[in-house]
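Every number here is computed from the coordinates shown, using simple stated rules; none is lab data. Predicted, not measured: the structure shown is a model, and the values here were computed from it. Cβ coordinates were reconstructed from backbone atoms using ideal geometry, including for glycine residues, and neighbour counts include every protein chain displayed.
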Amino acid sequence: MPHPLLARTATDVLLGGWSDLASPAAAASLARTGLDWVLLDMQHGEHDDRSVRDCLRGTRPGDAPVLVRPPRNDAQDIGRALDAGAAGVVVPMVSSAEQARAAARACRYAPRGNRSWGPHALDAALPAPTPEQADADVLCAVMVETRAGLADVDAIAATEGVDVVFVGPFDLSLELGTTVDDLLAADGEDDPLPTIARACAAHGVVPGAFAATAARARRFRELGFRFLAAATDSGLLQDGARQRVAQLRG
Amino acid sequence: MPHPLLPPPADRPLYGGWSMLANAAAVGSMARAGFDWVLLDTQHGEHDDRSVRECLATSRGAAPVLVRPATCDPHEITRYLDAGAAGVVVPMVSTVEQARAAVRACRYGPAGTRSWGPHAIHCGLRFPTPAEADANVLCAVMVETREGLRNVEAIAAVEGVDVVFVGPFDLSLSLELDVEDLLAADGPEDPLPAVLRACAEAGVVAGAFGVTAERSARLRDLGFRFIAAATDCGLVQSGARERLAGLALPAQHPAVTADRVLSAR
């Protein structure tokens with residue numbers, strides 16, 4: 001059964017906003033502009049344990065669901081982001097079925113996984129979800145962004161509890177000794193991105209990717225990817241500032 | 001003598017980025033994007049004493065960073081200048097006395113009331129002398145009330161005021177006008193032309209809070225030369241909406257179909 005957040009991916013592409021800035025107001029800005037999801041990046045963005053809690057506490061009903069990218073594939077990091085109220089995680093550097101299973105299990109309570117019970121103080125005044133409900137609602141995306149991950153993508157996509165296989169095109173192109181542009185251009189049957197999209201289709205999981213620019217988001221969409229980071233807050237700010245200055249200076 | 005940061009009135013306008021987010025990376029992004037100045041807003045933005053220090057500590061060498069204190073208060077103004085701000089934009093200045101208080105808060109004695117004590121940010125660096133600090137500080141005062149508008153000639157003439165900065169939202173509230181009507185009114189007796197004339201007569205720079213591209217262009221066309229042209233949170237929000245609009249697929253075509261069409265091309 002597809003994750004509730006992913007139901008629309010059958011006919012539509014979910015576009016996400018990637019929060020680099022450890023700023024609740026910036027994260028809320030992304031979550032209220034019509035984007036389908038927002039992600040707080042603890043791996044390469046500014047976010048830390050505190051800013052994740054501050055940002056999650058700053059969201060309201062009706063805002064886009066907020067995911068977290070933990071700094072690594074670590075059960076404690078993942079559990080802590082979920083305890084703080086994240087709707088799910090995008091786990092970096094997943095290069096084997098074992099690592100995918102570890103990520104998926106870290107998102108679920110026993111007997112499906114090894115998540116430890118303890119929703120944060122955030123939820124103190126709210127009814128805590130039951131373990132079953134929490135397991136059903138959590139979204140687990142695993143990032144395929146290494147040569148090993150690409151080689152094992154079929155088994156990774158087949159892993160119980162993996163909802164999205166999410167491509168990190170920068171790390172993947174570094175590993176493969178190519179450029180991001182060439183990686184995105186290659187659309188032969190056995191090229192990396194079509195291979196990943198096919199593995200996802202075969203196992204009923206959603207293929208996703210980090211695009212960050214409009215052009216790359218379009219290209220990933222053409223290649224069949226359905227869960228795309230379409231912009232970063234820091235990128236929007238930099239582009240917007242440059243455009244505004246250029247426009248006014250004529 | 002005009003402030004070193006400011007252009008002669010006939011020169012090109014200086015455009016600023018207005019920081020609402022208490023985030024040093026966002027401030028750095030605006031400072032490096034080509035804005036002529038950046039302002040940290042402690043009146044209506046998220047900034048506080050700590051975020052001002054953090055942002056000033058990490059944005060050195062890029063565009064000059066100003067601070068808007070929450071009130072026309074000498075202690076606040078001193079504290080932001082101690083932290084390394086290039087100047088202040090002081091809100092709600094409606095009288096000559098208030099303009100004079102803002103100016104004096106920016107300068108050491110005998111001309112002013114600023115207390116000596118540059119922050120730890122300067123540790124290991126040479127402190128500017130009081131005379132250098134006084135010469136380099138920029139003092140902008142915000143005219144944004146009916147009373148301030150009435151006194152604008154005298155406010156602009158106060159020794160040490162470098163910029164008279166219009167807050168069009170508060171001014172339009174005070175005048176019971178729509179902001180767009182305030183910006184549209186360009187008769188000689190209308191509010192904005194009156195401010196511009198007072199600035200020209202006193203030899204100070206006329207500034208204003210524009211924030212959108214349209215309002216900023218309108219203010220430039222009216223003659224303002226120190227314009228807040230964008231806010232960081234506004235750029236994130238408008239950028240996200242534009243990105244979504246740019247990626248929108250026709251409603252009647254599911255993505256799957258549209259992608260097949262695109263792939264076939």
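Other residues within the sphere of radius under 12 Å centred on the Cβ of residue A:100, judged by their own Cβ, net out at -3 (K and R +1, D and E -1).
Its relative contact order, with pairs defined as Cα atoms under 8 Å and 6+ residues apart, puts chain A at 19 percent. Share of pairwise Cα-Cα distances greater than 41 Å in the protein assembly as shown is 33 percent (whole percent).
For peptide B:216-223, the mean count of partner chain Cβ atoms within 10 Å of a residue's Cβ comes to 1. At q = 0.17, 0.19 Å⁻¹, what base-10 log of I(q)/I(0) does the Debye formula yield for the stretch A:134-250 when every alpha carbon is treated as an equal point scatterer in vacuo? Normalising to I(0) and taking log10 leaves -0.82, -0.96. Counting charges near residue B:14 (Lys, Arg +1; Asp, Glu -1) among other residues having Cβ under 15 Å from its Cβ returns a value of +2.
Sparse packing (at most 13 other Cβ atoms within 10 Å of the Cβ) combined with a DSSP loop state is found for the following trypsin sites (Lys or Arg not before Pro) in the stretch B:111-189: B:126. When every Cα-Cα distance of chain B is counted in 10 angstrom steps from zero, the calculated P(r) takes the values 7, 29, 33, 17, 7, 4, 3, 0 percent.
Checking the a/c ratio against 1.5 first, then a/b against b/c, what shape does the Cα gyration tensor give for the stretch A:9-249? Cα axes put the stretch A:9-249 in the oblate bin. Each of B:80, A:109 was scored by other Cβ atoms within 10 Å of its Cβ. Listed from fewest to most, they are A:109, B:80. Taking every Cα-Cα distance in the stretch B:1-81 and sorting them into 10 Å bins from zero, the calculated P(r) comes out as 19, 48, 29, 4 percent.
When only Cα pairs below 8 angstrom with a gap of at least 6 residues are kept, chain B shows a relative contact order of 18 percent.
Kirkwood hydrodynamic radius computed over the stretch A:1-48 comes to 11.7 Å, based on all pairs of distinct alpha carbons.
Charge tally for residue A:25 (other residues, Cβ to Cβ under 11 Å; Lys, Arg +1; Asp, Glu -1): -3.
Against chain B, whose longest principal axis is taken from its Cα atoms, helix B:191-202 shows a tilt of about 40°.
Axis angle, to the nearest 10 degrees, between helix B:213-222 and the longest C-alpha principal axis of chain B: 40 degrees. Peptide A:210-218 shows a mean partner chain C-beta count of 2 within 10 Å per residue C-beta. Springs between Cα atoms under 10 Å define the GNM used for chain A, and in it the highest mean-square fluctuation of A:99, A:43, A:238 occurs at A:238.
Summary: within chain A, the longest segment free of GluC sites (Glu not before Pro) located in DSSP loops with at most 15 other C-beta atoms within 10 Å is A:1-159. The shape of the stretch B:179-250 can be summarised by an equivalent ellipsoid whose semi-axes, obtained from the alpha carbon gyration tensor, come to 33, 13, 8 Å from longest to shortest. FRET efficiency for the pair residue A:174 and residue A:98, taken as 1/(1 + (r/R0)^6) with r the Cβ-Cβ distance and R0 = 30 Å, rounds to 0.85. Annotation: Cα Rg of the stretch A:196-250 relative to the compact-globule expectation 2.2 N^0.38 Å equals 1.55.
With the charge dipole of the stretch A:9-249 set up from +1 on Lys and Arg Cβ and -1 on Asp and Glu Cβ about the Cα centre, the Cα lying farthest toward the positive end among the listed residues A:245, A:159, A:208 is that of A:245.
For the stretch B:1-143, the equivalent ellipsoid derived from the alpha-carbon gyration tensor has semi-axes of 21, 18, 16 Å in decreasing order. Quick check: from the Cα gyration tensor, does the stretch A:1-151 come out rounded (a/c under 1.5), prolate or oblate? In terms of gyration-tensor shape, rounded.
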